[in-house]
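First up is the structure itself, then whatever we jot down about it.
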Amino acid sequence: MITQMYLTFLQIADSGSFTKAAQQLFISPVSVMKQINNLETQLDVKLFNRTHQGVTLTPAGQALYTSTTDIVTAAATAIAHAQTVGQHHQQIIRVGASIMRPGAPLVALWRRFADELSDYQLAIVPINDDEVSLQSPTTQLGTTLDCVAGPTDAAQWYENYQVLPLGMDAYRLAVPQTHRLADHNRLTWTDLRGETIVLPPRNASPTIEKICRDLEAHHPDIHIHNTTQFYNTETFNAYANSDQLLITRDSWQNIHPLLKTIPVDWDYQSAYGLIFAKQPSAKLAQFITIIR
């Protein structure tokens, strides 16, 4: 009922700082600043007085804060009323899904527990892979989303959310179709000598850190390149026509038609599962209990 831009505005006003608001929202200070600049441009008013000590609301900002707070409160009341009215009907579980997080594991569970989940409906809500950070898979969890199904190997996510493990996903290498190794059906350490392997940031997960350390210690003839952020579809686009190999996982093997996913003589795996709020709603808590 209200856009993220206005929710960010409220968080800044409550925090008194762009940086503190960014920490609360699990997004970068630059993203917070951009949202507020866009909001001020749209409204054609200045909302904050910016100083080295922080930010304070202008008179226009205070007026918007009061009105927006009233809207948020009214929206929460309306949602609670709707949930009360519909409590005897099917509960809707809103699952975030994207190209890299299609929700397939949850769909499989849904089929498996069809009888037990007869009182629930599954609603797929599109999410943006660009929002994934070391702190959060998406800022919508707990608000417009109940859960996300996908990789759960980012260590810091466990500090901010609950995670229900569902299984393990094997790491592979995505090889450009024009690469000399593209005709292989399996890769050995010998095949990889002199090659460059692209991986997510080293601090993205314990498994990625282990792979980097193993390569450095035991295979110094293989070059390592870590991206600066989590993968998104642009990552696959960028390396589809390169001479480098992109570490990937089984669940991502069909993301790009110009990349061939090939098994490697290693046993690295990564966990996947359901990610949801520390304090889930009653309906989601019951849903988790059923499938746990």
Task: Qualifying GluC sites (Glu not before Pro) for the range 101-185 [loop in DSSP, other Cβ within 10 Å: at most 13] - done: 116
- [ ] Would you mind checking the tilt of helix 4-15 against the longest principal axis of the Cα atoms of the chain, expressed as 0 to 90 degrees and rounded to 10?
- [x] 70 degrees
TODO: Would you kindly give the portion of the calculated P(r) for the range 4-85 that falls above 18 Å, as a percent of all Cα pairs?
DONE: 43 percent
Open item on the list: Rounded, prolate or oblate, given the Cα gyration tensor of the range 169-270, with a/c below 1.5 counting as rounded?
Closed with: rounded
Open item on the list: Can you give me the C-alpha center-to-center distance between the range 163-186 and the range 262-290, rounded to a whole angstrom?
Closed with: 21 Å
Task: Most positive-pole-ward Cα, 72, 55, 3, against dipole of the chain from beta carbon charges - done: 72
Task: Net charge over other residues, Cβ less than 13 angstrom from the Cβ of residue 29 (K, R count +1; D, E count -1) - done: +3
- [ ] Note the listed values [x] 40, 19, 17; [y] 33, 25, 19; [z] 39, 27, 15, then indicate which one is semi-axes √(5λ) of the Cα gyration tensor in Å calculated from this particular structure.
- [x] [z]
Open item on the list: Out of all DSSP beta bridges in the range 169-270, what portion is antiparallel? Express it as a percent rounded to 5.
Closed with: 60 percent
TODO: Obtain the nm distance between the two label points defined at residue 213 and residue 278 by a simple spin-label model: each point lies 7 Å from its Cα along the Cα-to-C-beta direction.
DONE: 2.8 nm
Task: Sum of -39500 (n - 2.57) over DSSP H runs of 4+, divided by residues of the chain (222 nm, nearest 500) - done: -11000 deg cm²/dmol
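Just so you know, all these numbers are worked out from the coordinates, no wet-lab data involved. Every value quoted in this text rests on a predicted model; they were computed, and no experiment measured them. Glycine gets a Cβ as well: all are built from the backbone with ideal geometry, and neighbour counts include every protein chain shown.
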